[in-house]
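Quick notes on the structure that follows.
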Amino acid sequence: MSDEEKALLEKSEKFAEETGIAMNPDEKIVNAIITGLLWKKQSNGELYCPCRALSGDKEKDKDIICPCIFHQKEIEDMSHCHCNLFVAKK
């Protein structure tokens with residue numbers, strides 16, 4: 001795991017802890033999402049959710065910068081966010 005991946009993982013873990021949610025316990029899923037987030041940052045300039053399509057409108061696309069505005073409702077409804085990086089705390 002690169003330093004950039006480790007830093008993003010730590011940032012995500014801290015966010016989850018501070019907001020009362022958890023990281024997905026499946027390390028393979030977490031690593032894939034972290035890689036996808038960094039790829040989106042490299043190719044599009046922001047940590048856009050790798051599971052959502054960009055519209056091309058930077059104002060609209062701000063909503064899907066991880067953690068996206070949808071994650072809380074998705075966790076409430078499905079016990080995980082759309083991409084499965086964050087899950088409900090057990």
Practice prompt. Would you mind working out the accessible area per residue for the chain, using a 1.4 Å probe, and quoting it in Å²?
Written response: 66 Å²
Worksheet entry | Unit charges on C-beta of K, R, D, E only; dipole of the chain, Debye | 100 debye
Discussion item. Cβ neighbours within 10 Å, averaged per peptide: list 7-15, 43-51 in order, most packed at the top.
Written reply: 43-51, 7-15
Worksheet entry | Residues of type aspartates and glutamates that K14 reaches as a straight line, Cα spacing below 18 Å, ignoring anything fewer than 8 places off in the same chain | D3, E4, E5, D26, E27
Worksheet item: Taking Rh as the Kirkwood radius computed over C-alpha pairs, what is the Stokes-Einstein D of the chain at 4 °C in a medium of viscosity 1.567 mPa s, expressed in µm² per second?
Response: 98 µm²/s
Fill in: Set of lysines near K28 by C-alpha distance (under 16 Å), chain-local residues within fewer than 8 positions excluded
K6
Practice prompt. May I ask you to give the percent of accessible area on the chain that is carbon plus sulfur, with a probe radius of 1.4 Å?
Written response: 51 percent
Practice prompt. Per DSSP H run of at least 4 residues, take -39500 (n - 2.57); add these up for the chain, divide by its residues and hand me the 222 nm value, nearest 500 deg cm²/dmol.
Written response: -16000 deg cm²/dmol
Worksheet item: With a ≥ b ≥ c the root eigenvalues of the C-alpha gyration tensor of region 1-50, is it rounded (a/c under 1.5), prolate (a/b larger than b/c) or oblate?
Response: prolate
Worksheet item: Gain in length, E13 to C51, computed as 0.36 nm per residue apart minus the alpha-carbon separation, to one decimal in nm?
Response: 11.8 nm
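The values are calculated or read from the model by the stated rules, or taken from the named source; none is laboratory data. No experiment lies behind these values; they were computed from the predicted model shown. Positions of Cβ are backbone-derived with ideal geometry, glycine not excepted, and every protein chain shown enters the neighbour counts. Ligands, DNA and RNA are excluded from the accessible area calculation, which covers all protein heavy atoms including side chains. Shrake-Rupley method; radii C 1.70, N 1.55, O 1.52, S 1.80 Å.
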